[in-house]
Amino acid sequence: MKRTSLLTLSALFLALGLILPFLTAQIPEIGSMLLPMHLPVLLCGYVCGPVWGMMTGAVTPLLRSWIFGMPPLVPMASAMAFELAAYGLFTGLFYRKLPKQNGYIYLSLALAMVLGRGVYGLAMTAILGLTGGAYTWAAFVSGAFLEAIPGIVLQLALIPLCILALKRARLMA
């Protein structure tokens with residue numbers, strides 16, 4: 001795909017990442033459970049590849065924090081920038097490297113989600129350590145996995161369906 005096309009698609013995924021959290025903005029707890037900013041970044045990695053996915057993931061939470069004030073820049077948007085960059089990078093890498101059979105879409109997504117959450121935990125530990133706070137194992141498991149179960153289920157349901165629909169429409173390989 002041409003570079004300008006990838007830039008345009010990446011910008012559209014970025015715009016979705018900025019807009020989708022408004023669907024849950026009235027109830028922040030729902031947003032932290034459904035993870036609406038994650039969906040377009042995960043898709044971007046599949047559609048645009050690892051580099052554009054990583055850049056889109058890194059920019060989305062920082063830009064949203066700067067424009068709308070949410071999520072707070074420190075520690076959330078900063079840690080999310082690392083997490084979402086990892087999502088975009090790993091979905092793009094795994095989708096390119098693994099066989100193009102449908103089952104591997106789920107495998108690449110699951111691997112990217114686990115690695116991205118690990119990156120988030122490391123980023124939160126570093127950021128909070130620099131600011132005099134602490135990020136415990138219990139806080140990591142609770143925030144990255146237990147509270148995020150609805151978002152994880154949503155991602156596992158919607159992302160493969162979107163990728164399969166794009167493949168069926170011959171909009172991606």
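The values are calculated or read from the model by the stated rules, or taken from the named source; none is laboratory data. Bear in mind the structure is a predicted one, so any value in this text is a computation, not a measurement. Reconstructed Cβ throughout: ideal geometry from the backbone, glycine too, with neighbour counts over all protein chains shown. For accessibility, only protein heavy atoms count, side chains too; no ligands or nucleic acids. Shrake-Rupley method; radii C 1.70, N 1.55, O 1.52, S 1.80 Å.
Observations, loosely collected:
- Total residues in the range 73-103 satisfying the condition of being within 26 Å of residue 135 (Cα to Cα) and open to solvent by 60 Å² or more (accessible area, probe 1.4 Å): the figure is 4.
- Taken over the range 117-149, the residue count meeting the criterion of being among the charged types (D, E, K, R) and open to solvent by 80 Å² or more (accessible area, probe 1.4 Å) is 1.
- Helices (runs of 4 or more DSSP H) wholly inside the range 1-104 containing at least 1 residues that are modelled with pLDDT of 95 or more and under 18 Å from residue 167 (Cβ atoms): 3-19, 38-48, 50-68, 78-97
- Set 66, 52: member being of a type outside the set (A, V, I, L, M) and in contact (Cβ under 8 Å) with a residue 40 or more places away in the chain: 52
- Single residue of 128, 111, 146 found to be free of Cβ contacts under 8 Å to residues at least 40 places away in the same chain, of a type outside the set (Val, Ile, Thr) and in contact with a helix residue (DSSP H, G or I) (Cβ under 6 Å, 6 or more places away or on another chain): 111
- Among the residues of this structure, residue 114 does not count as one that is in a helix (DSSP H, G or I) and surrounded by 19 or more Cβ atoms within 10 Å (Cβ to Cβ).
- Qualifying residue in the range 151-173 (condition: in contact with a helix residue (DSSP H, G or I) (Cβ under 6 Å, 6 or more places away or on another chain), part of a helix (DSSP H, G or I), over 30 Å from residue 6 (Cβ atoms) and not β-branched (Val, Ile, Thr)): no
- Failed item, numbered, when residue 60 is tested on (1) open to solvent by 10 Å² or more (accessible area, probe 1.4 Å); (2) over 24 Å from residue 98 (Cα atoms): (1)
- Flag if residue 109 is out of contact with any Leu (no Cβ under 7 Å at 6 or more places or on another chain), over 15 Å from residue 17 (Cα atoms) and modelled with pLDDT of 95 or more: no
- For the range 34-47, taking the residues that are in contact with a Phe, Trp or Tyr (Cβ under 7 Å, 6 or more places away or on another chain) and under 25 Å from residue 2 (Cβ atoms), the one that is surrounded by the most Cβ atoms within 10 Å (Cβ to Cβ) is identified as 45.
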